[in-house]
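*Asks:* Take a look at this one; I'll ask things after.
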Amino acid sequence: MLLILLGPPGAGKGTQAEEIANEYDIAYISTGDILRKAVKENTELGRKARQYMDKGQLVPDELVVEIIKARLMDPDCKNGALFDGFPRTVEQALFLENALPDLNLKIDRVLSLEVEEDDLIERLTGRRVCSDCGASYHLKFNPPEVRNVCDICGGDLYQRDDDRLETVQERMEVYKKQTEPLIEFYQKRGLLSTIDGNQEINEVQKQIKNILEKL
Ligand code: ADP
Ligand code: ADP
Ligand code: ZN
């Protein structure tokens, strides 16, 4: 099974992803997490990607496509994958479409999470992320049990550099220009399901599961 979580920054993709991937026993692939790890480890990929990420811009398609090609070869992808934050441009979506037949995979569903821009900004600026496992929290909407400590792994929570207000605004613009066209792209292919992301985390999860049960 292959699923795509689509939606603007802060829509709740990461928050929903892990549980869905576990439930269907498919790999969870977040290009953002992969890129942040590369930046932290200062690899060649990380050095190239960082300049774009810091500004809130997209990393060039060629780099992202290489990441995905390599990642899909990993053994945990044998049952498929859940993509979070990929594809983010029409070029990336076309690459994926062309690459899938050789891998004996097809896209089963694209889940589009919809949230208003004002709410997105509040979500992103209050977001805190685990430095070890990448889990996402929110100061107000989804606080950890112990302040600044990850419920799942005990890691320290931090604020992503690109979650500061100036960068958040740029990311919203980038989303509208480069990623939002994918909604129509997948709608035309009959693959899109829209979800109201402006509900409690558990409600959003339920709605996603309802859609997937009917596949
Ligand atoms: P994305 O991966 O789409 O960028 P996240 O899953 O990291 O988004 O969520 C962004 C922020 O919003 C996080 O701080 C998260 O805790 C919070 N959040 C996620 N889902 C909800 C929700 N349904 N209601 C309120 N806040 C949410
Ligand atoms: P969010 O969902 O909060 O916007 P992500 O963690 O998905 O953030 O992505 C963080 C940053 O990593 C993006 O702003 C962009 O610079 C880069 N990035 C992640 N995925 C992609 C992608 N598929 N294509 C290009 N850049 C990406
Ligand atoms: Zn953690």
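*Asks:* Could you state the principal axis extents of the C-alpha atoms in region 125-215, from the largest down, to the nearest angstrom?
*Replies:* The principal-axis extents, from largest down, are 44, 34, 21 Å.
*Asks:* Test of understanding: what is the full-extension gain from Tyr158 to Leu191, defined as 0.36 nm times their sequence separation minus their Cα-Cα distance?
*Replies:* 8.3 nm is the gain from fully extending Tyr158 to Leu191.
*Asks:* Still on this structure: Through the Karplus equation 6.51 cos²θ - 1.76 cosθ + 1.60, θ set to phi - 60°, convert the phi angles of region 177-190 into ³J(HN,Hα) values in whole Hz; use x for Gly and Pro.
*Replies:* 6, 9, 9, 4, x, 5, 4, 5, 3, 7, 4, 4, 8, x
*Asks:* If you roll a 1.4 angstrom probe over the protein chains with everything in place, what fraction of the accessible area of region 136-215 belongs to carbon and sulfur, to the nearest %?
*Replies:* Details: 2370 of 5110 Å².
Carbon and sulfur: 46 percent of the exposed surface of region 136-215.
*Asks:* Could you pull out which residues in region 155-185 have an amide N less than 19 Å from a spot 7 Å beyond the Cα of Lys55, following the Cα-Cβ vector?
*Replies:* Correct set: 161-179.
*Asks:* Counting only protein heavy atoms and using a 1.4 Å probe, what share of the accessible area of region 1-111 belongs to carbon plus sulfur, as a whole percent?
*Replies:* Working: 2580 of 5220 Å².
Here carbon and sulfur together make up 49 percent of the probe-accessible area.
*Asks:* I've got another one for you. Spin-label point model (7 Å from Cα, Cβ direction): what's the Leu165 to Glu200 distance in nm?
*Replies:* 3.1 nm
*Asks:* Positive end of the dipole of region 79-215, charges at C-beta (+1 Lys, Arg; -1 Asp, Glu), about the Cα centre: which of Thr89, Leu120, Pro143 has its Cα farthest in that direction?
*Replies:* After comparing all options, I get Thr89.
*Asks:* Computed over the Cα atoms of region 84-154, what is the convex hull's projected area averaged over all directions, in nm²? Numbers along the way, then the final one.
*Replies:* Values: hull surface 27.9 nm².
The orientation-averaged projected area of the Cα hull of region 84-154 comes to 7.0 nm².
*Asks:* Could you pull the Rg and Dmax for region 44-171, using just the Cα atoms, both in Å?
*Replies:* Taking only Cα atoms of region 44-171, I get Rg and Dmax of 16.8, 46 Å.
*Asks:* Using the Cα atoms of the chain to build a convex hull, what is its mean projected area in square nanometres? Walk me through the numbers on the way to the answer.
*Replies:* Details: hull surface 44.8 nm².
Average of the hull's projected areas for the chain equals 11.2 nm².
*Asks:* Sorted from largest to smallest, which semi-axis lengths in Å does the alpha carbon gyration tensor of region 1-85 give for its equivalent ellipsoid, taking the root of 5 times each eigenvalue? Working shown, then result.
*Replies:* Values: eigenvalues 102, 48, 21 Å².
After diagonalising the Cα gyration tensor, the semi-axes are 23, 16, 10 Å.
*Asks:* I would also like to ask the following. Mind jotting down the three principal axis lengths of region 171-215 based on Cα atoms? Whole angstrom, largest first.
*Replies:* Extents along the principal axes, in whole Å: 31, 26, 10.
*Asks:* Give me the number: length gained by fully extending Glu116 to Glu66, i.e. 0.36 nm times residue separation minus the C-alpha to C-alpha distance, one decimal in nm.
*Replies:* Working: separation 50, 0.36 × 50 = 18.00 nm, distance 3.23 nm.
That pair, Glu116 and Glu66, stretches by 14.8 nm at full extension.
*Asks:* Hey, another quick one. When ligands, DNA and RNA are left out and all protein chains stay put, how many square angstrom of accessible area per residue does the chain have with a 1.4 Å probe?
*Replies:* Ligands and nucleic acids excluded, the figure is 53 Å² per residue.
*Asks:* Calculate the length of the line joining the C-alpha centroid of region 1-80 to that of region 145-164, in whole Å.
*Replies:* The distance from the Cα centre of region 1-80 to that of region 145-164 comes to 19 Å.
The values are calculated or read from the model by the stated rules, or taken from the named source; none is laboratory data. Predicted model, so just to flag it, every value in this text is computed and none were measured. Quick reminder, even Gly has a Cβ in these numbers, built from the backbone with ideal geometry, and neighbours come from all protein chains shown. These accessible areas exclude ligands, DNA and RNA; they are computed on the full protein's heavy atoms, side chains included. Shrake-Rupley method; radii C 1.70, N 1.55, O 1.52, S 1.80 Å.
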